[in-house]
Amino acid sequence: MQNAIHSPTKNVNIQWMRAMAALSVATYHISYYILDRYDYPSFFEVFDGKFGLMGVAIFFAISGTLMADLIHRSTPTVFLAHRLVRIYPLFIMVFLTVALLRTGELSADVRAMSLTLVGTRVKPELNIEWTLVLEVFFYVALFLLAAFKGGRYIVPLALCWLILIVAATIIEPVQMGSTLSPTLLQALFLPGNAAFAGGLLIPAILRRWRVEPSLAVVAFGLGAVTMSVDLAWGRIVGSVAAVILVAMVYGVSSPRQRRGSIGWAFERLGDYSYALYLIHVPVTLLVLNYVDASPLTLWVMCIGSVLVASIPIGMMDVMLYRRLRAHVDMANPQRLFAAVWLYVAAYLLIGFLFIFKQ
């Protein structure tokens, strides 16, 4: 029997997973910075790199899953325009604000802020930009695929993509694992992209098979061993775990009337997860720079500050995206087409030029 695949916008479970992924990454970074500043390893021994790795992998797997569905719901132009107004506005605002607080001047590295494939010649402000660079690369690649009538081939192309990632990891495991700022030549092969590619397969998998809840044991087991292997292979293993977890919840509805106060809180946190993801490192560093307290107190204060700060910023983000999305939907089709293709042309040109600037 085929599983019903519910609309992504109504799947509360996906919102909960977004919240958990954002918290995992934030908890890892907070624990790391306290270890780095105070040589206090207690938190990092619990919330080590696998929390960050798995959090990012879950975000990527969710993105791949949703995009595999959304790419068929609109024209390629509207698809990419929706993605760009989702990623860039809040990112640029947070990026510029952090740069202003750090330097006292409204100046920042435009190359880093562009989220294009400029390699290592960037100065990040948020320390999470590399994931957004890969996210934008993924959106542009899907746009080009759809624009040239290749949307029907998503499944075989995703499988080929996974094979290329594994092959590159076998050939250059150190380089593939350590590259966080890729060039145009590197972006396709990075092991972190395995979660994207695997996510693209999830809707097709759910149309044919049921992903049993018992597989969660396998996913958590894989997640536990991600830091026991080389980083590149850890990202691939983490991607497999993330794909299993996302596949388990993507085709399952969660009645809103039964979610309770905790479920409601996690749903809201899922709404604000992008804001939390963007601000958690700057807020953490702000607390550590200006508060004098014990490592335990600082850890709790960092967690609390990140969560509290993410609420108003997340609310603004949700409202801003809704308005910008509505503007995209009402835009003149010819002008929107020209604007999107101008962006893609600039994106590819920058990526090509920076191959030679490393």
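Every read-out reported here was derived from the displayed coordinates using simple, explicitly stated rules and does not represent laboratory data. As the structure is a prediction and not an experimental result, all values here were calculated from the model. Every residue, glycine as well, gets a Cβ built from its backbone with ideal geometry; the counts of neighbours run over all protein chains shown.
Count charges around residue 78 for me, please; just the other residues with Cβ under 13 Å from its Cβ, Lys/Arg as +1, Asp/Glu as -1.
Neighbour charge sum, excluding residue 78 itself: +4.
For residue 301 and residue 40, calculate 0.36 nm times their separation in residues minus their Cα-Cα distance, and state this gained length in nm to one decimal.
Extra length available between residue 301 and residue 40 comes to 92.4 nm.
Give me the distance in nm between label points sitting 7 Å out from Cα along the Cα-to-Cβ direction at residue 127 and residue 352, one decimal.
3.7 nm
Using +1 at the C-beta of Lys and Arg and -1 at the C-beta of Asp and Glu, which of 299, 110, 217 has the Cα lying farthest in the positive direction of the dipole of the range 8-355?
217
Assigning unit charges at the beta carbon (Lys, Arg +1; Asp, Glu -1) and nothing else, what dipole magnitude in debye, to the nearest 20, does the chain show about its Cα centre?
Here the size comes out at about 1300 debye.
Normalising by the residue count of the range 70-142, find the relative contact order in percent from Cα pairs under 8 Å and 6+ residues apart.
Normalised by residue count, the contact order of the range 70-142 is 28 percent.
Where nothing but the Cβ of Lys and Arg (+1) and of Asp and Glu (-1) is charged, how large is the charge dipole of the range 116-230 around its Cα centre, in debye to the nearest 20?
It comes to approximately 480 debye.
Which aspartates and glutamates have a Cα less than 14 Å from the Cα of residue 50, not counting those fewer than 8 places away in the same chain?
The qualifying aspartates and glutamates are 230.
Quick one: putting +1 on the C-beta of Lys and Arg, -1 on the C-beta of Asp and Glu, what dipole do you get for the range 212-358 around its Cα centre, in Debye to the nearest 20?
Magnitude of the dipole: close to 440 debye.
Which of the trypsin sites (Lys or Arg not before Pro) found in the range 59-160 are in a DSSP loop and have at most 16 neighbouring Cβ atoms, other than their own, within 10 Å? Walk me through the numbers on the way to the answer.
Values: sites: 73, 83, 86, 102, 111, 121, 149, 152; in loops: 73, 121, 149.
Filter output for the range 59-160: 73, 121, 149.
To the nearest 0.05, what FRET efficiency results for residue 343 and residue 148 with a Förster distance of 25 Å applied to their C-beta separation? Before the final figure, lay out the partial values.
On the way: r = 17 Å, r/R0 = 0.67.
Step by step, r from the Cβ atoms, then E = 0.90.
So, counting K/R as plus one and D/E as minus one, what does the shell of residues with Cβ under 15 Å around residue 44 add up to?
-2
If you look at just the Cα atoms of the range 96-189, how large are its Rg and its Dmax in Å?
Values for the range 96-189 (Cα only, Rg and Dmax): 16.2, 50 Å.
Can you give the longest stretch of the chain with no exposed loop site, where a site means chymotrypsin sites (Phe, Trp or Tyr not before Pro) in a DSSP loop (not H, G, I, E or B) with at most 14 other C-beta atoms within 10 Å?
The longest such stretch corresponds to 1-147.
Got a sec? Which residues in the range 149-183 would a label at residue 120 touch, if it sits 7 Å along Cα→Cβ and we count backbone N under 18 Å?
172-183
Provide the gained length on full extension for the span residue 110 to residue 75, in nm with one decimal, where the gain is 0.36 nm per separating residue minus the Cα-Cα distance.
Going from the current span to full extension adds 9.6 nm.
Once you sort the root eigenvalues of the Cα gyration tensor of the range 198-291 as a ≥ b ≥ c, which label holds: rounded (a/c under 1.5), prolate (a/b larger than b/c) or oblate (the other case)?
Oblate shape, in that a/c is at least 1.5 and b/c is the bigger or equal ratio.
What residues of the range 98-114 lie in the reach of a label at residue 92, counting those whose backbone N is under 17 Å from a point 7 Å from the Cα along Cα→Cβ?
98-100, 106-114
Exactly which trypsin sites (Lys or Arg not before Pro) in the range 187-249 are in a DSSP loop and have at most 11 other Cβ atoms within 10 Å?
Listed in order of number, the matching sites amount to none.
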